[in-house]
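A.B. asks: Here it is, the structure in full.
Just so it is clear, none of the values below were taken in a lab; they were calculated from the coordinates. The structure displayed is predicted, hence computed values, not measured ones. Methodologically, a virtual Cβ is constructed for each residue, glycine included, from the backbone with ideal geometry; neighbour enumeration extends over all protein chains shown.
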Amino acid sequence: MPGRFRVTLRDIAEQVGGEIYGNPDTYITGVAGLTNIREGDIIFIESEKLLNLALKSPAAAVIAPKHTRALRSADAPKPALLAENPRLTFAKVVETFAVQRPAAAGVHPTAVVGEDVTLGRNVTIGAYAYIGRGCRLGDNVIVHPHAFIGDNVTIGDDSLIFPFACIHHEVVIGKRVIVHSGAVIGSDGFGYVQDAATRRHHKIPQIGTVILEDDVEVGANTTIDRATLDATIIGEGTKIDNLVQIGHNCRIGKHCIIVAQVGLCGSTVLEDYVMLMGQVGVQGHITVGEGVWVGGRGVVLSDVPAGAKVSGFPAIPHAENMRVLAASRKLPDLLRTVRHLSKQVEELTRSVEMLQQPKPESQA
Amino acid sequence: MPGRFRVTLRDIAEQVGGEIYGNPDTYITGVAGLTNIREGDIIFIESEKLLNLALKSPAAAVIAPKHTRALRSADAPKPALLAENPRLTFAKVVETFAVQRPAAAGVHPTAVVGEDVTLGRNVTIGAYAYIGRGCRLGDNVIVHPHAFIGDNVTIGDDSLIFPFACIHHEVVIGKRVIVHSGAVIGSDGFGYVQDAATRRHHKIPQIGTVILEDDVEVGANTTIDRATLDATIIGEGTKIDNLVQIGHNCRIGKHCIIVAQVGLCGSTVLEDYVMLMGQVGVQGHITVGEGVWVGGRGVVLSDVPAGAKVSGFPAIPHAENMRVLAASRKLPDLLRTVRHLSKQVEELTRSVEMLQQPKPESQA
Amino acid sequence: MPGRFRVTLRDIAEQVGGEIYGNPDTYITGVAGLTNIREGDIIFIESEKLLNLALKSPAAAVIAPKHTRALRSADAPKPALLAENPRLTFAKVVETFAVQRPAAAGVHPTAVVGEDVTLGRNVTIGAYAYIGRGCRLGDNVIVHPHAFIGDNVTIGDDSLIFPFACIHHEVVIGKRVIVHSGAVIGSDGFGYVQDAATRRHHKIPQIGTVILEDDVEVGANTTIDRATLDATIIGEGTKIDNLVQIGHNCRIGKHCIIVAQVGLCGSTVLEDYVMLMGQVGVQGHITVGEGVWVGGRGVVLSDVPAGAKVSGFPAIPHAENMRVLAASRKLPDLLRTVRHLSKQVEELTRSVEMLQQPKPESQA
């Protein structure tokens, strides 16, 4: 963790907004979650249920929801910053404590920069970074040591490329994009055609590219394949976690969330605001509608209408899937019950057949 | 995408085969799928159903199945190249439009090449590539910038090693092999033995190696562990997608297809022509027979006979698994039905018992 | 594989322990599993069932369980080394045959070493390795070529950092830790807060770190995210396989085993000796108790008590899950049975209603 700074609650409110209650000159020296709180930390709660925990902690101040009555008074038990969205406000506070973006350091003498490369203002290129021919890097771009940028790549202003990130030739990257370590952008799509005569798999060259729009973030060791012919597209503001696979020709909408180890087959379309939780799989050549949520480990095999909340294999409405999972656990009992029922029905049938036979004594 | 060339339909037919109908001097300036077609593009269809779409498009020419009658005439509505396997023919056309294999560029001055390294003709070794002691590289091998090749590695003719590919010591790579960025070949197998006394995990050294036979392709960020004692083997012509894990001592046959995020435990055997779809898992120490297909997300827990088509957890015949999945969705209803049946049977039993009792009035 | 040495069975027993039977001067020139055994190899068996296989093999000697009577005699059919834990003894033998730890080679002239870096004795730093400012490396640390170590990282004695391993700033690594190629330690956790007004995802800066305690091993292309505020912790002796994702703020206990492609959400707690088999997923903010075993592909959605053996989605006791899976396969038949039962019950009901009606003839 970075060294501890010392600012006042007022300084913080000026930067991130919110209403101060209690002493605005309270010193804040760090940030913490609800564990490992040290004296001087500022913390946050999203619900009044956690208020007691917060008040008993050694924290110097607490960020809380606007309506928290217990804190909205002159003699509040702890200095507070009240906000509409305490988590968002806290995130902004953490930013002020985070390691600051380093000053631009120019091009390291060991970096290899190809011909016809255009660099914006305040660009940093680290040790052993490789920039191919014809690349265009915007202002304030930071290419960390040991990043690889192939030929004719475009990177917009303020983007960050981490060590061992691999951006292949022709890829187009927007502004404020973050590509984490080990991510591979623009590797060949997985396309073959089997020759019926020889049964060998013939590679289909992948001559398209990848476009990462503004404000995209790509996690560590994630792979995004280039399109066969045009472009695999990741829409503006979409955030992708670690170890995700995005197949060739996918078109991901804006402001999607894709959690770790998700896999998208080729030519999948995600509309805007889709959320795929961890380890989800999505079939190729289908469309997942705007705002769809897919539960962890779900497998989407066909189009999903906008706004749906689905899970399971194959993905069905989440509430229904929960009922199916709950019911599954009762299956062994159910089998026993049905075996028992079958016997009972058999016996009943025999009994009824007996009853249906004309009774000899009534004939007498 | 690369710049647009200009060739004629005849030039293309000469390179990739097929019968021309319509004007052989038609200029072709690009390739496209069935979307984003530009004037001058050549496209392909696999079925006559798409013929209308193709004819209405601005494409300059269309590759279509041999038997497409509407195109087999002098006054066909669009110039055509008819072929046995239109997809394969198209793949070959794309190749002619793909970025050409660059001319050999020799060894970059920043590359580190160890002692006793043997290089074939026309070898390219990029910036900051590392080649360990005793390596042997065949003709036309391209080691991209920032690739790592450990000691005593052998790489056959015409192979491509991409940036950040990591080939560990002693690995043997055949001809025309492609190793994509971030792939790790020859990392230690995951082998430990727990010491009963201390409960600590003692590492079993992994002193075997990995063999990639001719025409293998390994996807980005895929990992293939070295064998404990002998060799993990990937058979000729097998294609492996991104983020796949191949455990130590696996033996993969020839011409297999392994889609993204598949995981194979240690000592798994895949015979030839096996296809594992995305996110499949295969138990260790089992054999998956020749030509087996495993559906996406399936988990194979025991031997699978040659030719089988399986899916599910555990993998069972695919058609049966489809029936099980369809039935699963009916489980909550089934539970209700059975509860209802149980009550009905209970009531029936009571009624029948009543009926079985000697009736007092009949005795009268 | 390394070249073949030549030692005697006595040399081996002196190094790894065990009782020799048969000629102690038997030459051993290699090690093998139960396949590909060459003359001169030493092999091991864990069960007497494999004794015949071992005796018929060309192996020069066999490591076997202490109680193996057939080998405990002067005229035993093959020289033997008897041990309490033959697998552990064999692992130690393999070690003696493994490529030895290379002699310290100092700092390669192409390595970039930042200011204020402290190096212990016998440190090796390979070609193009990058060591940030303020790092402290203990004795005998080996940083392989093309490894990246960010600013202010601490690495304990005898640790190994492989090519393309990426250790981000501030990370703390203990003694005898192994970080394999492509592993990313200390990438940003996946934390955002959605701004209700703009619907954009606002990044929560991740200013914590990662701690790998002594004897941890991290597999190839595995990712371990840094904590939001304090530290993601991997406990002493825990072994992590390839392509695993550990989310931010996780706390993993000591001596755990985490097999390939497992994913842990953020803030998950694993107590000591937990075993997660391949492709398992664990929900965030839950605790998996000491010694828990989770079967391959299982998904843990809630706390698991110490010692439990669980599997399935959601994970339930393993024996119960096996029963549920077996029952699932009978579902299509069950549906048919229940449909048939429903008809039978309907008919029975009708028959019983008929029987319950006063019989006209009895009235006669």
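A.B. asks: Residue by residue, what Karplus-based ³J(HN,Hα) values in Hz, rounded to whole numbers, does segment C:166-179 have, using 6.51, -1.76 and 1.60 with θ = phi - 60° and x for Gly and Pro?
C.D. replies: Working through the residues one at a time gives 10, 10, 6, 3, 6, 5, 10, 10, x, 8, 6, 7, 10, 10 Hz.
A.B. asks: Ok, one more. Grab the beta carbon distance between A:A105 and A:S47, set R0 = 41 Å, and tell me the FRET efficiency rounded to 0.05.
C.D. replies: Given R0 = 41 Å and the Cβ-Cβ separation, E is 0.40.
A.B. asks: Return a whole-number percent for the relative contact order of chain B, with Cα pairs under 8 Å and 6 or more residues apart as the contact set.
C.D. replies: After rounding, I find 6 percent.
A.B. asks: Still on this model: Quick one: length gained pulling B:N36 to B:M322 fully straight, 0.36 nm per residue minus the C-alpha distance?
C.D. replies: That pair, B:N36 and B:M322, stretches by 99.4 nm at full extension.
A.B. asks: Taking segment A:2-44, which chymotrypsin sites (Phe, Trp or Tyr not before Pro) meet the DSSP loop condition and have no more than 15 other C-beta atoms within 10 Å?
C.D. replies: Listed in order of number, the matching sites are A:F5.
A.B. asks: Mind giving me the nanometre distance, one decimal, between the label points for A:R200 and B:D75, set 7 Å out from Cα along Cα→Cβ?
C.D. replies: 4.4
A.B. asks: Using the alpha-carbon centroid of each, what span in Å lies between segment C:69-89 and segment A:330-344?
C.D. replies: 53
A.B. asks: Compute the distance in nm between two label points, each set 7 Å from the Cα along the Cα-to-Cβ direction, one at A:E84 and one at B:S342.
C.D. replies: So the two model labels end up 5.3 nm from each other.
A.B. asks: Please report how far the C-alpha centroid of segment A:224-276 lies from that of segment A:179-207, rounded to the nearest whole angstrom.
C.D. replies: Taking the Cα centre of each part, segment A:224-276 and segment A:179-207 sit 17 Å apart.
A.B. asks: Say each of B:D303 and A:Y27 gets a label point 7 Å from the Cα, pointing the same way as Cα to Cβ; how far apart are those two points in nm?
C.D. replies: Taking the simple label geometry, B:D303 and A:Y27 are separated by 7.4 nm.
A.B. asks: Taking 0.36 nm per intervening residue step and subtracting the Cα-Cα distance, what contour gain separates A:D11 from A:H285 on full extension?
C.D. replies: Extra length from A:D11 to A:H285 when fully extended: 93.5 nm.
A.B. asks: Considering only DSSP states other than H, G, I, E and B, which trypsin sites (Lys or Arg not before Pro) in segment B:1-57 qualify as loop sites with at most 11 other Cβ atoms within 10 Å?
C.D. replies: B:R6
A.B. asks: For C:D75, which inter-copy label distances result when the label point lies 7 Å beyond Cα on the Cα-to-Cβ vector, reported in nm to one decimal and in ascending order?
C.D. replies: 10.1, 10.1
A.B. asks: Give, rounded to the nearest 20 debye, the magnitude of the charge dipole that chain C has about its Cα centre when Lys and Arg contribute +1 at Cβ and Asp and Glu contribute -1 at Cβ.
C.D. replies: In debye, rounded to 20, chain C gives about 1120.
A.B. asks: Sticking with this one: Label position 7 Å from Cα toward Cβ: report the copy-to-copy distances for B:D25 in nm, one decimal, ordered from shortest.
C.D. replies: With the label placed 7 Å along Cα→Cβ, B:D25 yields 9.2, 9.2 nm.
A.B. asks: Now for a different question. Which residue, chosen from C:N242, B:G298, A:P77, occupies the Cα position most advanced towards the positive end of the dipole of the protein assembly as shown, where the dipole is computed from +1 (Lys, Arg) and -1 (Asp, Glu) charges on Cβ about the Cα centre?
C.D. replies: B:G298
A.B. asks: In addition: Loop-only check: which chymotrypsin sites (Phe, Trp or Tyr not before Pro) in segment B:62-168 are DSSP coil with at most 11 other Cβ within 10 angstrom?
C.D. replies: Passing both the DSSP loop test and the Cβ count: no residue.
A.B. asks: So, one more: Out of the DSSP beta bridges found with both residues in the protein assembly as shown, what percent are antiparallel (nearest 5)?
C.D. replies: 15
A.B. asks: Could you tell me which of rounded, prolate or oblate describes segment B:7-97, using a ≥ b ≥ c as the square roots of the eigenvalues of the alpha-carbon gyration tensor, with rounded for a/c under 1.5 and, failing that, prolate when a/b is larger than b/c and oblate otherwise?
C.D. replies: rounded
A.B. asks: A follow-up question, please. For chain A, with a Gaussian network of springs between Cα atoms less than 10 Å apart, report the residue from A:V143, A:V216, A:V93 with the top mean-square fluctuation.
C.D. replies: Looking only at A:V143, A:V216, A:V93, the biggest GNM fluctuation is shown by A:V93.
A.B. asks: Classify the protein assembly as shown from the C-alpha gyration tensor, please: rounded if a/c falls under 1.5, else prolate or oblate depending on whether a/b exceeds b/c.
C.D. replies: rounded
A.B. asks: Rounded, prolate or oblate: which fits chain C, taking a ≥ b ≥ c as square roots of the Cα gyration tensor eigenvalues, rounded meaning a/c under 1.5, else prolate when a/b beats b/c?
C.D. replies: Judged from the Cα gyration tensor, chain C comes out oblate (a/c at least 1.5, b/c at or above a/b).
A.B. asks: Shifting gears a bit: Helix A:331-356 against the longest principal axis of chain A: what's the angle in degrees, Cα atoms only, rounded to the nearest 10?
C.D. replies: Around 20 degrees separate the two axes.
A.B. asks: Using the Karplus equation 6.51 cos²θ - 1.76 cosθ + 1.60 (θ = phi - 60°), what ³J(HN,Hα) coupling, rounded to whole Hz, does each residue of segment C:145-150 give in order, writing x for Gly and Pro?
C.D. replies: In residue order, the calculated couplings are x, 6, 9, 10, 10, x Hz.
A.B. asks: Follow-up question, since we're still on this one. For the charge dipole of the protein assembly as shown, defined by +1 on Lys and Arg C-beta atoms and -1 on Asp and Glu C-beta atoms about the Cα centroid, which residue among A:P317, B:L355, B:F97 has the Cα displaced farthest towards the positive pole?
C.D. replies: Result: B:L355, furthest along the dipole toward the positive end.
A.B. asks: I would also like to ask the following. Using +1 on the beta carbon of Lys and Arg, -1 on that of Asp and Glu, and nothing else charged, what's the dipole of segment C:218-364 about the Cα centre, debye to 20?
C.D. replies: The dipole of segment C:218-364 has a size of about 480 debye.
A.B. asks: For chain B, what does -39500 (n - 2.57) per DSSP helix run (n ≥ 4), summed and divided by total residues, give at 222 nm, in deg cm²/dmol to the nearest 500?
C.D. replies: Here the helix-only value at 222 nm equals -5500 deg cm²/dmol.
A.B. asks: May I pose another question? Report, ordered by chain and residue number, the aspartates and glutamates lying within cross-link reach of C:K203, taken as a straight Cα distance under 16 Å and ignoring same-chain residues fewer than 8 apart.
C.D. replies: A:E95, A:D158, A:D214, A:D215, A:E217, A:E236, A:D241, C:D188, C:D195, C:D225
A.B. asks: Taking each label point as 7 Å beyond Cα in the direction of the beta carbon, state the distances from B:L50 to the same residue in the other copies, shortest first, in nm.
C.D. replies: The answer, with the shortest distance listed first, is 5.2, 5.2 nm.
A.B. asks: Sequence gap at least 6, Cα distance under 8 Å: using those rules, report the relative contact order of segment C:7-97 to the nearest whole percent.
C.D. replies: Relative CO of segment C:7-97 lands at 31 percent.
A.B. asks: Is there a quick way to get the dipole size of segment A:119-253? I mean about its Cα centre, with the Cβ of Lys and Arg at +1 and of Asp and Glu at -1; what is the value in debye to the nearest 20?
C.D. replies: Computed about the Cα centre, the dipole is about 380 debye.
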